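Only one structure is covered here, and it is reproduced in the block below.
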Amino acid sequence: MRALVERSRDPAVGYEVAAVVADQPAAGGLAIARDLGVPTHLVAADKSIARARYDEQLAAAIDLYVPTLIVLAGFMRILSPEFVSRYEGRILNIHPALLPKYPGLHTHQRAIDARDEQHGATVHFVTAELDEGPAVIQARIRVEPEDDARSLSARVQVLEHRIYPIAVRWFCAGRLRYAAGRAWLDGAALESPVMYDGAEDR
């Protein structure tokens with residue numbers, strides 16, 4: 001989230017972070033957003049509230065800001081199919097693995113346990129199926145023999161901070177869209193995600 005906000009300060013990037021919405025009062029992103037001058041909104045998670053009702057409250061908070069795009073960054077709740085349908089094609093997520101490998105949690109340890117030679121991160125559109133929406137862009141690193149889950153996570157996070165703003169920029173510039181269950185970039189359906197090669201501007 002910080003990377004997205006800081007990147008947005010460059011006029012050439014072409015997007016603005018309208019607000020940061022969180023479900024946990026202690027979420028670090030709320031304090032960071034306030035420090036960066038970004039409006040914040042808390043929709044506190046409550047186990048007594050039905051999932052559908054919570055998602056209605058979340059949507060009402062989001063709609064106050066009339067966003068072009070919803071960007072998930074550390075928001076760990078699983079969104080209901082109804083919520084995803086409401087914003088179809090307008091939600092991006094970043095996942096710390098080379099999807100379709102390792103959906104869900106503990107991705108770094110799973111990559112190490114599988115003795116993968118490469119690991120990384122994927123930006124994808126959100127659909128009702130967890131971590132199964134069409135991938136937009138990926139970044140890869142080599143898994144080093146000395147890596148543990150913590151060191152691998154730290155190195156992947158560097159990549160996340162680079163590729164997420166790129167995908168957001170593409171979307172807000174009208175280059176990236178979701179249609180017919182696929183991601184489209186510059187008018188062409190992506191047969192596979194764009195592979196990040198270190199270039200900041202594409």
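Laboratory data are not the source of any read-out in this text; all were calculated from the coordinates shown. Computed from a prediction, not measured in an experiment: that's the story for all the values here. Counting neighbours? That spans all protein chains shown, and the Cβs are built from the backbone with ideal geometry, glycine included.
Quick look at the values:
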quantity	calculated
Under the Karplus curve 6.51 cos²θ - 1.76 cosθ + 1.60, θ = phi - 60°, whole-Hz ³J(HN,Hα) for segment 152-166, x wherever Gly or Pro sits	5, 4, 5, 6, 5, 4, 4, 5, 4, 5, 8, 7, 5, x, 5
Charged-residue dipole, Cβ positions (Lys, Arg, Asp, Glu), segment 101-150 about Cα centre, Debye nearest 20	100
Extension gain from S151 to R86, taking 0.36 nm per residue of separation minus the Cα-Cα distance	19.6 nm
Net dipole in debye of segment 2-195 [+1 Lys, Arg Cβ; -1 Asp, Glu Cβ; about Cα centre; nearest 20]	240
For the chain, calculated [θ]222 nm from helices alone, where every DSSP H run of n ≥ 4 adds -39500 (n - 2.57)	-9500 deg cm²/dmol
Rounded if a/c under 1.5, otherwise prolate or oblate - the chain, Cα gyration tensor axes	rounded
